[in-house]
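The values are calculated or read from the model by the stated rules, or taken from the named source; none is laboratory data. Since we're looking at a predicted model, the values are computed, not measured. Please note: Cβ atoms are built from the backbone with ideal geometry, for glycine as well, and neighbour counts cover all protein chains shown. We work out accessible area using only protein heavy atoms, side chains counted, and drop any ligands, DNA or RNA first. Shrake-Rupley method; radii C 1.70, N 1.55, O 1.52, S 1.80 Å.
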Amino acid sequence: MRSRASVFLVSALLVCGLAARADVRDPDQDDLEEELVRGRAYGDAQLAPYFASGPLKEAAAELQAGRGPQALKLIPAKPQTPAAKWLRALALRAAGQPAQAKRAFEELALLGGPLADRAVHLAGLCAVDAKDAVAAERLLGQVPARYVDADQAILERARQLAKLRVPGPATAAAIEEIVRPIFAGEVRGDVAAAHLTAGDAQLAAGDKSAARAHYRAAWVDRPLSAAAESARARDLRLGPGEPIATGRLVRRAEILLEAHRNHEALETISRLHLPSLCAGGCPGDKTPAALLQAALSLLSPGGMPILHEPTPEDIARVPPDPADGLACRAKLVQGRALRKEREYQEAKSALAPVVLRCADPDLRARGLYLLAQIDTILGHPEAGSLWEALHRNFPQSNLADDAVFSQAAVRRRSGDFAGERALLTDIVDHHLDSDLRSEALFRLFWSHFAEGNPRKGLVHLDQLAAHPDPDGAEEERARYWRARALLEPDASDTEAGRAAALEAARADLIWLVAERPLTYHGLLARGRLADLDPARARAVEEAETRDVASALHSRGPLHAGPLARDPHFLAALELLRLGMKQEASRELLAVDRSPLRSSASAGEEALVLLADLSARAGDLRNAHAIVRIELRGLLRRTSAPLALRAAGLAYPLAFRDQIAKASKTAAIPPDLLQALMREESALDPHALSSTGALGLTQVMPGTAREIARRLKLHGFSPSKLFDPEVSIRIGGAYLGELYARFQHPALAFASYNAGPGAVSAWLSKRRALPLDVFVEEIPLDETRGYVKRCLRSFAAYQYLYGNGRARAPQMEQELASPKQESRRVQVARSSRS
C-alpha cells in the first residue's frame, strides 16, 4: 500500500511542475497520478445504508413511515456514531420533542462535516416548533448562503424576527435586509415568497403602499410561484389602488406563456384595455370601436371580414401609422397562445394585425413566422409566399434561415426539386452560423434521393459527415444514408462497381450496428444488415449479447473526480446513506457540473456517478437528463462498459409494473409504452406540455376524457393524469388503439404525436414507402423528430434489457394506408390464384 507521504510527494510534484519527463516515468507513478485525478471511488459498499440491520434499521423504517415515537423507542438514548445521532435527532423532531431535537441538532452541527449546515437549519426549525423565536432567529441567521435550502432559512428567519420585534418601519427595514439576498439573486430561492414576507412586514408597519408594491411584484413578476396567488389576494384586500401598469401585465402574460400556462396567459390578455390594432377593430378586440364594427358586420350580407390575411405586398410596406407598441406585444402573446392551443383560425385573426399594423420588425417577423407555420400545418398554398416574404423582408431576423428552410420544404412538396435545392444551398452558403445548416446538407442529399438519383447526393453526405458535430450524430446519419444510396441500383454501375458499392455499404452498416447500437440510425442499420448479410448480423448480435449482459449486471465503483470537492455532492452522499432521499436529490441538483465538463474521461465517470446517485435518490428525471445532456457522446460509444452503465441510467425501467399491466390490456409490447413515456415526459409524473398535455404519457385532457369513458373510469378529471397509474392506463389504452389501427410502431408513434387523421392523410397521399423513407417524408419536423426518438428508445430498451437483442423492424416492409394495404393484399391473392 502506498504511504500518505508518497501521495503527498506526487501531489507536490504535479503542482510545481517538477514531475519527470513522460518518456522516463515510473508506471506506478502514472497509476498514482491517475488515481489522484479520478478521486475516490463509490460503489454499493461505499453507498450502503448506515442502518442495514438490527434496531436502527427498524427505527429508520418507522421514521420513514411517519411514526416518530415508535422510532425513538428503538434508538439508544446516547448513540455513539454520527449516523445514529442523526437518526435520533430526526426521531425526536418527528416525535414532537422540539427542544430535545434542537439540542441534538446543535451538537451535530458542532461535529462539522458535510451536513453541518443542515444541522443548523434543522436546529432553527426545531426552535420554531418550540416557539422559541429568539433561538430560532439566532440559529437561522447562522445558515450560510452556500446551503441548498438557504432561501428557506432566510424566509423563516424573517418571519421569526417579525414575531420578536414591535411592528414598525425599523422592523420592516430589518426584514427587507434579511430577504435582500433573495431579491439580489445572491441566494437562489422563491422571490415571490420573499416579496410576500416583506409585504406583510410593511403592512404591519402601516405602509400600505410599500406592502402593495411587494404583493404586486410577487403576482405580476413571479406568476409561476405558489406564493403569487396569495400575494394577489392580499393586494385585493387592501382595496382599490392605482391600476397595475399595462406593460407589466403584458410581461406577466409572456412569462405564463413561456411556462406553457396558455389559458392563464390568454385570460391576462383578455382583461387588458388596449388600443385596437385595426381601423374599426380586429376580431376578438374588446374595445368599443371593435364591438361596434363587429355588430355592423353582422348586418351586412355575408358579414364582411374585418381584416384580410397579409399578402407579400402588405408585408413589404412599413405601416405609415403604426399601432400602439404595447398592444402589438399583447396581440402577439394572444396569437402565440392560441397557436399552442391549436386554435388556428383564432390565432391567425390575432396575428394578422401584428404583421400589418405594427412597427417593431421583430414583432412583425415573429407574427409572420407563426402565420406561415399555421398555413403550413393546415396545408394552405399561401404558406410558400409567407415564408418567402419573411426571408425577403426580414433578412436580419434570427428566423430568416427558418423561413428559407420552410420555403424549400414547400417547393419540395410541389415537386420543384431544383427550386428546393437552390434554397437549401442558400442556407449552406450564406447562413454559416445557422443551426439548420447540417439539416440543409442532409436535405440536399434527400432531394436527389427523392428524385431518383441518390448517388448525386453523396457529396452532400460527405460534407455532412465532416460538419462540426461533437456527438457524432451527423456522421451516423451520413453513414446510414450513404449505405442506403449505395444499395440502390444504378444504371451506370459495372459488375465490379456494383460489388464495390455493396462492400462499402456493408462496411458502413457494420460500423453503425457495432459502434452505435443505441441510436436511430443504428437501429435502421441493424435491419438493413440483417437483409444484406444475415451471418454477419448474427455474429455482431452474439458478441453484443455477452457484452451487454456483463456490463449491465456490473455495478462496480465509480470515481468521483472533481465531484469530491463539491459540498453538495458530499452532503448528498450522507443523506442517501441516512435514507433521506428527497433531501439528497435537492443536493444533487445543486452540484456544480462545470468542472466535470472539462475533465475528459474522469469527468465522464464522475457524471455517470452523479446520475447513478440521482437514480438511487429516486429522481429518475434528473438521472437520465444528466446522461442525455452531459454524456451524449459517451452514450453513443456503447463498446465501453461505462457507456453501457450510462445507458442503463438514460433508459431506466421506471413504473414497470404499471406498464406491464397496461400493456397487456392494450396488447402492445411493454417497451413500446416505456419508450413513449421516456420521450413524452422524461418519466416525470408532473410534466405539463406547451399544448396542455399532462402526466407521464402526456395525453390531452379531451382525449383522456374520451378514453376514460371507454375504460369506465368513474370520477375522472384531467388533474388525475398526474397520477402515474391513471396516466399509464389511459396513455397505454390510446397507444394500443393506434397500434391496432396502423400495425407498426413508427405509425403508432406518429399518430400519437400528430393525430391518427394526419397520419392517414400522409399515407393516402403517398405510395407505399419503406420505414426509413417514410419517416424522412413526414412533413412535420416535430413529428419526424419525435418518431425517430421514440423508435430509438424502443430499440434501446430492447437492446439493454433483452441482453443485446433489439428487434429491428423490417426495412423493406412498406408502410401504407389501410386502403393501400387492402389493395396490395387483394393483388397478392389474385396473383396467387
Query raised in the report: In the list ALA625, ALA571, ALA640, ALA646, which residue meets the criterion of being on the phi < 0 side of the Ramachandran plot and touching a Lys or Arg at 6+ places or on another chain (Cβ under 8 Å)?
Result: ALA571
**Report entry** For LYS720: the one exception among (1) within 30 Å of GLY618 (Cβ to Cβ); (2) in contact with a Phe, Trp or Tyr (Cβ under 7 Å, 6 or more places away or on another chain)
**Finding:** (2)
Query - Hits in segment 738-762 (condition: out of contact with any helix residue (DSSP H, G or I) (no Cβ under 7 Å at 6 or more places or on another chain) and of a type outside the set (S, T, N, Q)) - result: ALA740, HIS744, GLY755, GLY757, ALA758, ALA761, TRP762
Query - Hits in segment 588-600 (condition: at pLDDT below 90 and surrounded by 15 or more Cβ atoms within 10 Å (Cβ to Cβ)) - result: SER599
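Here is a yes/no grid of residues against (1) free of Cβ contacts under 8 Å to residues at least 24 places away in the same chain; (2) more than 21 Å from GLN142 (Cα to Cα); (3) not charged (D, E, K, R):
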{"position": "PRO79", "(1), (2), (3)": "yes, yes, yes"}
{"position": "ALA83", "(1), (2), (3)": "no, yes, yes"}
{"position": "TRP86", "(1), (2), (3)": "no, no, yes"}
{"position": "LEU90", "(1), (2), (3)": "no, no, yes"}
{"position": "ARG93", "(1), (2), (3)": "no, no, no"}
{"position": "LYS102", "(1), (2), (3)": "no, no, no"}
{"position": "GLU107", "(1), (2), (3)": "yes, no, no"}
{"position": "PRO114", "(1), (2), (3)": "no, no, yes"}
{"position": "ARG118", "(1), (2), (3)": "no, no, no"}
Requested in this report: Kindly indicate whether any position in segment 639-653 is touching a residue at least 12 places away in the same chain (Cβ under 8 Å), farther than 23 Å from ALA514 by Cα and open to solvent by 20 Å² or more (accessible area, probe 1.4 Å).
Outcome: yes
Query raised in the report: Residues in segment 601-614: is at least one within 20 Å of TYR147 (Cβ to Cβ) and surrounded by fewer than 22 Cβ atoms within 10 Å (Cβ to Cβ)?
Result: no
Report summary line: Scanning segment 481-522 for residues that are open to solvent by less than 30 Å² (accessible area, probe 1.4 Å), charged (D, E, K, R) and closer than 19 Å to PRO770 by Cα gives ARG484
Requested in this report: With respect to GLU475, determine if the residue is at pLDDT 90 or above, open to solvent by 30 Å² or more (accessible area, probe 1.4 Å), under 27 Å from the mean Cα position of the chain (by Cα) and farther than 26 Å from LEU368 by Cα.
Outcome: yes
Query raised in the report: With respect to ARG443, is the statement that it is more than 30 Å from the chain's Cα centre (by Cα) and part of a helix (DSSP H, G or I) true?
Result: no
Report task. Could you please find all residues in segment 618-638 being in contact with a Ser or Thr (Cβ under 7 Å, 6 or more places away or on another chain) and open to solvent by 10 Å² or more (accessible area, probe 1.4 Å)? Result -> GLY618, ASP619, ASN622, ARG636
Requested in this report: Search segment 37-63 for residues that are over 12 Å from ALA84 (Cα atoms) and pair each with any residue that is at pLDDT below 90 and among the polar types (S, T, N, Q) when their beta-carbon atoms are under 9 Å apart and the residues are at least 6 apart or on different chains.
Outcome: VAL37/SER599; ARG38/SER601; ARG40/GLN46
Report task. Considering only segment 563-588, state which residues are among the basic types (Lys, Arg) and under 14 Å from ALA48 (Cα atoms). Result -> ARG577, LYS581
Report summary line: Restricting segment 315-339 to residues that are part of a helix (DSSP H, G or I) and at pLDDT below 90, the one most open to solvent (accessible area, probe 1.4 Å) turns out to be ALA316
Requested in this report: Kindly list, by first and then second residue, each pair from a residue in segment 160-186 that is farther than 16 Å from ALA211 by Cβ to a residue that is polar (S, T, N, Q) and outside any loop (DSSP other than H, G, I, E, B), limited to pairs with Cβ atoms under 8 Å and residues at least 6 apart or on different chains.
Outcome: LEU161/THR171; ARG165/THR171
Query raised in the report: Is it fair to say ALA450 is open to solvent by 30 Å² or more (accessible area, probe 1.4 Å), under 20 Å from TRP511 (Cβ atoms) and at pLDDT below 95?
Result: no
Report summary line: If we take segment 704-806, then helices (runs of 4 or more DSSP H) inside it with 2 or more residues that are more than 30 Å from ALA530 (Cβ to Cβ) and among the β-branched types (Val, Ile, Thr) are 724-742
Requested in this report: Take ILE244 and decide whether it is open to solvent by less than 20 Å² (accessible area, probe 1.4 Å) and either at pLDDT 95 or above or among the hydrophobic types (A, V, I, L, M, F, W, C) (or both).
Outcome: no
Report task. Test each condition in (1) assigned to a loop (DSSP other than H, G, I, E, B); (2) surrounded by 14 or more Cβ atoms within 10 Å (Cβ to Cβ) for ALA194 and report the one that comes out false. Result -> (1)
Report summary line: For segment 760-776, pairs from a residue that is closer than 24 Å to ARG477 by Cα and surrounded by 16 or more Cβ atoms within 10 Å (Cβ to Cβ) to a residue that is small (Gly, Ala, Ser) and modelled with pLDDT of 85 or more, with Cβ under 7 Å and 6 or more apart or across chains, are LEU771/ALA746; PHE774/ALA746; VAL775/ALA746
Report summary line: Residue count, segment 157-178, condition in a helix (DSSP H, G or I), surrounded by fewer than 21 Cβ atoms within 10 Å (Cβ to Cβ) and not hydrophobic (A, V, I, L, M, F, W, C), comes to 6
Query raised in the report: So LEU558 fits all but one of (1) touching a Leu at 6+ places or on another chain (Cβ under 6 Å); (2) over 30 Å from LEU47 (Cβ atoms); (3) at pLDDT 90 or above; what number is the exception?
Result: (2)
Query raised in the report: Condition test on ALA259, is it surrounded by fewer than 18 Cβ atoms within 10 Å (Cβ to Cβ) and either farther than 20 Å from ALA693 by Cα or more than 27 Å from the chain's Cα centre (by Cα) (or both)?
Result: no
Report task. Filter segment 663-690 for residues that are within 18 Å of the chain's Cα centre (by Cα), surrounded by fewer than 24 Cβ atoms within 10 Å (Cβ to Cβ) and not acidic (Asp, Glu) and give the result. Result -> SER681, ALA682, LEU683, PRO685, HIS686, ALA687, LEU688, SER689, SER690
Query raised in the report: Filter segment 520-555 for residues that are under 28 Å from the mean Cα position of the chain (by Cα) and within 19 Å of GLU476 (Cβ to Cβ); which is modelled with the lowest pLDDT?
Result: LEU523
Query raised in the report: Which number in (1) of a type in the set (Lys, Arg); (2) at pLDDT below 90; (3) under 26 Å from the mean Cα position of the chain (by Cα); (4) under 24 Å from ILE427 (Cα atoms) marks the one condition that ARG412 misses?
Result: (3)
